[in-house]
Amino acid sequence: MLVQWVSHHAKMGMPYSIKDLQAEAAKMAGREPGRQWHRRFLKKFPEIQSSKGTKLDPKCAKHFNEAIINNYFDQLKRLHAHFPGGIPPQHIWNMDEKGIQMGGGQKNSGRKYLFLKHKKQKYHIQSNNLELVTVIECVSAAGEVVPPSFCLQEGSLPDLCGLGNNQWGR
């Protein structure tokens, strides 16, 4: 019964910690499990593993699902079909952004969550209000590269004097 509970929540993208698992087991059993009970549980059900998840902002999590991703690719196919020969690679661009934390901030709690072993994505939702620098880079399907852009909230620009022309876009 408990393994179905863990599997259901993991499939729904709502992983639980070891403490959550022990609390649910206590509710079901009517008593607290032992301190090492979770180790035996995980050994008995190898399809579930304890690991650290990757943090995913709640705003991103809202749009990180199969229906939205399928819709994107369906629209892309329709666009390709609309133009004879499809959209040329030099007109297809990918933009990626990476947030870099400035200063201190919260340390990683080290808390592990329960996920199905065969799932590659292991996310848990966490919102932090941190001072970030966002680095944006763009690459076309033809291999063209736009130099990275830096988005700052306020203040002085980072010192980029050490970057040579051959380092842009790496």
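The values are calculated or read from the model by the stated rules, or taken from the named source; none is laboratory data. Please read these numbers as outputs of a predicted model, since none were measured by experiment. Note: ideal-geometry Cβ built from the backbone for every residue, glycine included; neighbour counts use all protein chains shown.
Observations, loosely collected:
- Residue, modelled with the highest pLDDT, within region 64-102, restricted to residues that are closer than 30 Å to residue 17 by Cα and loosely packed, with under 10 Cβ neighbours inside 10 Å: 67
- Just one of (1) touching a helix residue (DSSP H, G or I) at 6+ places or on another chain (Cβ under 8 Å); (2) surrounded by 12 or more Cβ atoms within 10 Å (Cβ to Cβ); (3) not polar (S, T, N, Q) fails for residue 26. It is (1).
- Any pair with Cβ under 9 angstrom, 6 or more apart, that starts in region 1-21 at a residue that is among the charged types (D, E, K, R) and ends at one that is loosely packed, with under 15 Cβ neighbours inside 10 Å and modelled with pLDDT under 75: 19/111
- Given (1) outside any helix (DSSP H, G or I); (2) free of Cβ contacts under 8 Å to residues at least 60 places away in the same chain, number of the condition residue 46 does not satisfy: (2)
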